[in-house]
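Structure first, then comments.
Values in this text are rule-based calculations from the coordinates and carry no lab data. Model, not experiment: these values are computed from the prediction. Cβ placement follows ideal geometry from the backbone for every residue including glycine, while neighbour counts extend to all protein chains displayed.
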Amino acid sequence: MSGFLPGGPLPGAPVPGGPLRLSAREILALVCDSTDSTDSTDSFDELAYPARESAPDGPLSWPGYGASRARAAERTGETESVVCGTARVGGTRAVLIAFEFGFLGGSLGERTGDRLEAAYTCAREHRLPVVALVATGGSRMQEGMPALTQLQRVARQSALTRQAGLAQVAVLRDPTTGGGWATLGAGADVVLAMAGAQVGFAGSRVRPPDADPAAYTAEAQVAAGSADAVVEPEALRETLGRWLRLLTRPSQEPAPVPRALGAEDLPATGWDAVRRARSPQRPRADAYLDAYFTVRATIGGDRCGGTDPDGMLCGFGEHRGRTVAYAAQTGAATRPAGYRTATRLIRLADRLGIPVLTLVDTPGAANDAEAERQGAGAAIAELFAAVATARTPVTTLVVGEGGSGGALALAAPGRTWAAPDSYFSVIAPELAAAILKRPPEEVEATAGQLRIRPQDLAELGVVRTDLP
């Protein structure tokens, strides 16, 4: 945990070789809607903070700490390391928490905790989402353990806000390290990272001397599945506004099933169904998502160090003026990180009261040794549980291959449809023939015996075929 270290760059000053560091007021001006053409911050309504005073040199009587605070206040114009209030971002009102890195390195102390608790309390009282604009070096060393325990306080406030069904979005600025990253940052529902920002639990002065600095960046955190996207400063307001709109529109109505984009006639045989589902010309997830949504915002990563962009697409989109969450297989074997990302998506949508659409299309779960080491069985089990226990309605369309349990984990019981160029099977016909010790020339007949065509599955009561 890195604490405040004096002598950092001035707010808004460029860091040599790094991104621009904006002050709390500058980042607020960047993201808040404006009611005046010359000043975006005029829409920001700062909270009334708790009136608690600290001892001159803090709880540890740290020599010179009071003077350091006074210099920080004179230098930044702030009296603490966070500024909290409400404003509209892209038309959606939210509680905003903006860190002032120029005030003792954006570090967290007892009075910082007071302000953060007030911000979360305001969000719950007024049913508002929370946006944390994080730039911090960690907990304040001059306040010792009382400062560190503010992380527990923040974690509780975040959990209470989560239980209230309110969205939390974090924007990781430069730098975001220590406990601020491990609570306000990584604990958010959606994590956006400013391009080039330093992001990591270990600050730059407490890492091993041989540590690769490239691992502690916004881009590295996205690649590792710990953040959802890298955002350029000029796109931040629009991106935040899109996310806030999508995450604050609950609905009890199920997501409408998409229309079939490929073949219209049903397959003649089981093997015909397999050939059509495996055809390179068949529409894939991207085509279905583009046709279904007018606006989309993606989440990426399982928050456990993994991503599966080639096997699973997840996010939230707008369909006919409503928000629908989606988890869509792409036709490739799904890896454990893909299943965990889908689980994360469904649980978030369930908490926010947003209906879910899932698209099934995979020959099956990845079955290589690395997938086993990454916990394939546990990842699939968690997805089965998330779908089974979801209170929000889940709608499923099988758009291609439905390969065994790796496909079924994403399917909604009682609300699964199948497109004409799809199949769903307990096992691939080739593998079924091999298990039954049949010669290769009997694979096609085996496909028919498995009754895997959409119309067969409808007769069995597994799927529906009454597509729009």
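Miscellaneous remarks
- Taking amide hydrogens as placed 1.01 Å from N in the peptide plane, the amide H of Arg335 sits under 5 Å from those of Ala366, each at least 5 positions away in sequence or on another chain.
- Overall, the chain carries a charge dipole of about 800 debye about its Cα centre when +1 sits on the Cβ of Lys and Arg and -1 on the Cβ of Asp and Glu, all other atoms neutral.
- Sequence-distant residues sharing a close amide H with Leu108 (under 5 Å, placed H): Gly138, Ser139, Arg140
- Linear extension gain, Thr79 paired with Glu430, 0.36 nm per residue minus alpha-carbon span: 119.4 nm
- Positive-end ranking of Gln142, Thr121, Ala369 along the dipole of the chain, with charges on Cβ about the Cα centre, is headed by Thr121.
- Label-point separation in nm, Ala164 to Ala224, each point 7 Å along Cα→Cβ: 3.2
- With Cα atoms, 0 to 90° folded angle of helix 336-352 axis to the chain main axis: 70
- Distance in nm between pseudo-label sites at Ala388 and Arg127 (7 Å out along the Cβ direction from Cα): 3.3
- The range 301-306 - phi-based ³J(HN,Hα) in whole Hz, Karplus 6.51/-1.76/1.60, Gly and Pro as x: x, 9, 6, 10, x, x
- Calculated FRET value between Thr269 and Arg320, using beta carbons and R₀ = 35 Å, to 0.05: 0.40
- Residues whose placed amide H lies under 5 Å from that of Trp417, excluding near-sequence neighbours: Thr396, Leu397, Val398, Arg464
- Shown here for the range 201-276: GluC sites (Glu not before Pro) in loop regions (DSSP other than H, G, I, E, B) with at most 11 other Cβ atoms within 10 Å, namely Glu264.
- Counting 0.36 nm for each residue step from Thr298 to Arg438 and taking away their Cα separation leaves a gain of 46.0 nm.
- Calculated from backbone phi, Karplus (6.51, -1.76, 1.60) coupling profile of the range 20-32 in Hz, x at Gly/Pro: 6, 9, 8, 6, 4, 5, 5, 5, 5, 4, 6, 9, 6
- Across the range 400-406, rounded Karplus estimates of 3J(HN,Hα) from the backbone phi angles (6.51 cos²θ - 1.76 cosθ + 1.60, θ = phi - 60°) give x, 7, x, x, 6, x, x Hz, Gly and Pro being marked x.
- In this simple spin-label model, placing a label point 7 Å from the Cα along the Cα-to-Cβ direction at both Asp310 and Thr149 gives a separation of 5.0 nm.
- The range 77-131 and the range 248-321 have Cα centres spaced 37 Å apart.
- Contour minus Cα-Cα distance for Glu370 and Ala458 (0.36 nm per residue): 28.1 nm
- Between the beta carbons of Arg205 and Glu253, assuming R0 = 45 Å, the FRET efficiency works out to 0.30 to the nearest 0.05.
- If R0 is taken as 35 Å, the Cβ-Cβ distance between Gln449 and Ala378 corresponds to a FRET efficiency of 0.60.
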